[in-house]
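S.K.: Handing you a structure now.
The values are calculated or read from the model by the stated rules, or taken from the named source; none is laboratory data. The shown structure was predicted, so the numbers you read here are calculated from the model rather than taken from an experiment. Cβ: placed from backbone, ideal geometry, glycine included. Neighbour counts: every protein chain shown.
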Amino acid sequence: MSLIWCEQAWLPGGPGGPTAAVALEIVDGRIAGITPGAPRHGTVLPGLTLPGLVNRHSHAFHRALRGHPARAAGSFWSWREGMYRLAAALDPDGYRTLATAVYAEMVLAGHTAVTEFHYLHHAAGGRPYADPIAMDRALVDAAAAAGLRLTLLDTCYLAGGIGRPPEGVQRRFADADVETWAARAERVAALDDGAGDHGGCVRVGAAIHSVRAVPRGALPTVAAWARDRPLHVHLSEQPDENAVCLAAHGRTPTVLLDEAGALGPETTAVHATHLTDDDVARLARTGARACFCPTTERDLGDGIGPAGALALAGVPLCLGSDSHAVVDPFEEMRALEMHERLRHGVRERFTPGELLDAGTDGARLAVGAPADLVTVDTASVRTAGARPDGVLLAASAADVREVRVGGQVIVRDGVHQLVERPAARLAAEIGALHARAQEAA
């Protein structure tokens with residue numbers, strides 16, 4: 001057993017919130033006891049300790065596009081072409097190196113878990129690797145090296161658009177048919193080490209890339225394969241996606257997914273930006289969740305999604321960093337609130353506690369929970385003078401001082417303990433990736 005004394009810790013329940021002088025007993029990587037108002041003893045964590053923050057939507061290789069602005073006016077669709085060029089240049093070894101550094105950046109920012117929406121499956125031309133799940137293994141290795149819990153979503157991708165075959169780099173994403181995808185996904189499922197029962201660090205689920213990339217007839221097969229596993233889907237990120245779906249099927253993407261049995265309590269709708277009132281009601285009725293990625297959504301010009309309407313309807317919200325235009329869970333939480341203010345002209349649509357619920361995907365500092373802890377400096381130039389319950393609206397990733405995953409210290413004094421010089425690793429691998437992409441162009 002180890003004992004940790006927190007100057008302040010964010011506890012659940014009433015009154016809950018930031019609580020002074022909290023002792024946490026840690027046994028076998030879990031919280032075994034919580035004592036508010038405890039005398040100072042054990043390992044001391046100054047500042048505010050939060051439950052581990054969760055990045056519910058990631059495409060690790062997109063990180064290589066940060067800081068490479070477009071040279072002309074564009075949109076999501078023109079940005080996608082640059083992403084395709086980088087995807088064409090990746091192999092399992094390179095992806096392992098890049099993802100390790102990306103995941104280390106996430107832990108430094110306060111994430112203790114990530115959900116990787118993984119669709120870069122095959123070698124050039126769509127040829128399977130000798131090990132058909134080599135790219136999945138690379139991501140599992142990267143998360144382990146960075147000390148991060150991983151939910152790995154093997155993504156079904158079959159078409160280049162509604163009624164169109166995959167073209168160019170899309171062939172690296174695509175399987176021949178949904179049965180081939182399901183057979184490969186079964187192999188990926190063997191990488192699951194019991195994290196779904198909180199017994200390990202890797203959980204395997206599935207994803208429907210989008211209704212553009214998975215034909216209507218294949219949707220039920222993916223939903224059936226996922227069963228009680230996580231099932232994620234890019235949903236209504238762009239108005240064009242809705243327009244094409246309506247033209248082809250006479251219904252919105254949400255209705256299409258609902259009719260295919262792909263919405264339910266294990267389903268997470270990612271982005272959910274351009275929804276009708278009926279779409280919102282269906283997500284609520286089926287028990288699905290919505291994942292917003294505010295920094296990416298604004299970077300790509302996607303629009304501001306109806307977070308407030310979804311929350312009022314009873315749809316749980318979570319957050320991701322998607323393309324990693326920014327890796328900062330505090331900025332994502334803050335943006336959820338600030339975008340609502342811009343949308344409605346009203347302040348404080350979400351309470352700090354509701355923002356933390358989204359940022360942790362509902363995780364709590366509670367007896368029996370994994371000892372995933374993030375400690376934030378409350379005396380930095382950003383947080384100085386903030387009320388404890390207002391730290392989430394003031395802090396940034398730079399204020400994270402310590403991160404523990406399952407009780408193990410992964411970040412101490414703002415330094416990653418497992419990955420040396422992650423910034424240098426990012427710079428080197430991203431530079432090499434762009435060089436390979438340029439050579440191939």
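S.K.: Quick one: which residue in 437, 395 is surrounded by fewer than 19 Cβ atoms within 10 Å (Cβ to Cβ), of a type in the set (A, V, I, L, M) and not in a strand (DSSP E or B)?
M.R.: Working: 395 fails: surrounded by fewer than 19 Cβ atoms within 10 Å (Cβ to Cβ).
Result: 437 is the single residue among 437, 395 that is surrounded by fewer than 19 Cβ atoms within 10 Å (Cβ to Cβ), of a type in the set (A, V, I, L, M) and not in a strand (DSSP E or B).
S.K.: Enumerate the pairs (first residue in segment 61-75 and at pLDDT below 80; second residue anywhere and in a loop (DSSP other than H, G, I, E, B)) with beta-carbon separation below 8 Å, excluding pairs fewer than 6 apart on the same chain, so at least 6 apart or on different chains.
M.R.: As it stands, the answer is 75/300; 75/301, since those pairs meet every condition given.
S.K.: With respect to the numbered conditions (1) basic (Lys, Arg); (2) in contact (Cβ under 8 Å) with a residue 12 or more places away in the chain; (3) assigned to a loop (DSSP other than H, G, I, E, B), which one is the sole condition not fulfilled by residue 347?
M.R.: Residue 347 satisfies all of (1) basic (Lys, Arg); (2) in contact (Cβ under 8 Å) with a residue 12 or more places away in the chain; (3) assigned to a loop (DSSP other than H, G, I, E, B) except (2).
S.K.: So is residue 22 β-branched (Val, Ile, Thr) and either assigned by TED's automatic domain parsing to the domain that holds residue 110 or surrounded by 13 or more Cβ atoms within 10 Å (Cβ to Cβ) (or both) or not? Quick ask: steps written out before the conclusion?
M.R.: Numbers: β-branched (Val, Ile, Thr): yes; either assigned by TED's automatic domain parsing to the domain that holds residue 110 or surrounded by 13 or more Cβ atoms within 10 Å (Cβ to Cβ) (or both): yes.
So residue 22 passes the test.
S.K.: For residue 81, are the conditions met, namely being buried (at least 23 other Cβ atoms within 10 Å of the Cβ) and not in a loop (DSSP other than H, G, I, E, B)?
M.R.: no
S.K.: Let me ask something additional. I'm trying to understand the selection: among the residues of segment 167-182, which are without any contact (Cβ under 8 Å) to a residue 24 or more places away in the chain and exposed (fewer than 13 other Cβ atoms within 10 Å of the Cβ)? Steps first, please.
M.R.: Keep residues of segment 167-182 that are without any contact (Cβ under 8 Å) to a residue 24 or more places away in the chain, which gives 167, 176, 180.
Answer for segment 167-182, where residues must be without any contact (Cβ under 8 Å) to a residue 24 or more places away in the chain and exposed (fewer than 13 other Cβ atoms within 10 Å of the Cβ): 167, 176.
S.K.: Select from segment 315-335 the residues that are surrounded by 24 or more Cβ atoms within 10 Å (Cβ to Cβ), among the hydrophobic types (A, V, I, L, M, F, W, C) and within 26 Å of residue 69 (Cα to Cα) and list them in ascending order.
M.R.: 319, 330, 333
A quick yes/no check of all residues on (1) among the β-branched types (Val, Ile, Thr); (2) part of a strand (DSSP E or B); (3) in contact with a helix residue (DSSP H, G or I) (Cβ under 6 Å, 6 or more places away or on another chain); (4) without any contact (Cβ under 8 Å) to a residue 12 or more places away in the chain:
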position	(1), (2), (3), (4)
324	no, no, yes, no
341	no, no, no, yes
353	no, no, no, no
375	yes, yes, no, no
381	yes, no, no, yes
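S.K.: Being assigned to a helix (DSSP H, G or I), touching a residue at least 24 places away in the same chain (Cβ under 8 Å) and either of a type in the set (Ser, Thr, Tyr) or more than 27 Å from residue 388 (Cβ to Cβ) (or both), is that true of even one residue in segment 407-422? Break it down stepwise before answering.
M.R.: Within segment 407-422, the first condition is being assigned to a helix (DSSP H, G or I), and the residues that meet it are 422.
Filter again for touching a residue at least 24 places away in the same chain (Cβ under 8 Å), leaving 422.
Checking which are either of a type in the set (Ser, Thr, Tyr) or more than 27 Å from residue 388 (Cβ to Cβ) (or both) leaves us with 422.
The answer is yes; a qualifying residue exists.
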